[in-house]
1. With a 1.4 Å probe and every protein chain left in place, tell me how much accessible area residue 231 has, in Å² to the nearest 10.
2. Using 29 Å as the Cα-Cα cut-off, could you pick out the over-long pairs in 123/227; 102/206; 206/248?
3. Quick one: length gained pulling residue 51 to residue 111 fully straight, 0.36 nm per residue minus the C-alpha distance?
4. Could you give the length gained by full extension between residue 168 and residue 69, i.e. 0.36 nm per residue of separation minus their alpha carbon distance, to one decimal place?
5. Report the trypsin sites (Lys or Arg not before Pro) located in the stretch 106-153 that are in a DSSP loop and have at most 15 other Cβ atoms inside 10 Å of their Cβ, or state none.
6. What is the extension gain from residue 41 to residue 193, computed as 0.36 nm multiplied by their sequence separation minus the C-alpha to C-alpha distance, in nm to one decimal?
Amino acid sequence: MPAGQLNLFEFFTLSRIVSVVLVMAATWLLLRYLTSLLHAASARTPRARFFIKWAEPILRISLWFVALLICFDLIAPTRETFLAAVGSAAIAVGLGAQDLIKNLVGGLVILTDRPYQLGDRVKMGEAYGEIDHIGLRSTKLTTPDDTRVTIPNADILSTQVFNANSGVPDCQVVTDVFLPHDSDPVEAQQVGYEAAYTCPFLHVAKPVVVLISDVLDQRLYTRVRVKAYVYDHRFEPAMQSDITVRCKTEFHRRGMLGAAAELEPKPN
């Protein structure tokens, strides 16, 4: 066995390894405690929710960085041992840790470029939902149907990210309702505005737009597209459902649906 390699193994004594493990365990416990405090503060002060969620991943990564520095100081390798450790790390990267390095770089890009933050509603690839965890290796989001999706941070380097709210509670909600092609477009637009302005989830400070267009999908239909802002993006599905119910109820009351309502298109 080479002398340099022997010194490397002899240097990591049991007491030093135990000290490193204790530091990492203490950091993990501290982060769990701080995370619970931040979540409680976010629930008590909704207006500060996005600031707290922005600060949480920065605090988490900073604490882990400090913990690694402390562990390095506890080990305090000699120059020869340090060079041997660097050489071993380079071999490890060459043998299969490239993905881990890419994920770490992606995590730093998220913190510096901020394409999204905790609490944002984003779409990446096929996944769409609220970001609820940003770590060094991966980002996790929860979809509207309560499915947890884990996305490697390396994907941020090559995937388009669509952010619906960019650090604010409100976001635009688009709701489509379909009518027979011979429906009165002026009346349909009026119903769309009434449905939006009477919706309890509406952010009244933002504009409401109702667009009428023709859609051809085996048959010709009139599409009523209601574009309004929800005051909290967590109620996006509820707002879409509420506007749809209000529109269809009023269309049915006015006799605008007709037999074609049973053959509504289902666009993507």
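1. 100
2. Correct reply: 102/206.
3. Here the answer is 20.2 nm.
4. Net length gain for the segment: 32.2 nm.
5. Sites meeting the loop and neighbour criteria: 137.
6. Net length gain for the segment: 51.0 nm.
The values are calculated or read from the model by the stated rules, or taken from the named source; none is laboratory data. The structure presented is a predicted model; accordingly, all values stated were derived computationally and were not measured. Quick reminder, even Gly has a Cβ in these numbers, built from the backbone with ideal geometry, and neighbours come from all protein chains shown. The protein model used for the area step is the full one, side chains on, heavy atoms only, and it has no ligands, DNA or RNA in it. Shrake-Rupley method; radii C 1.70, N 1.55, O 1.52, S 1.80 Å.
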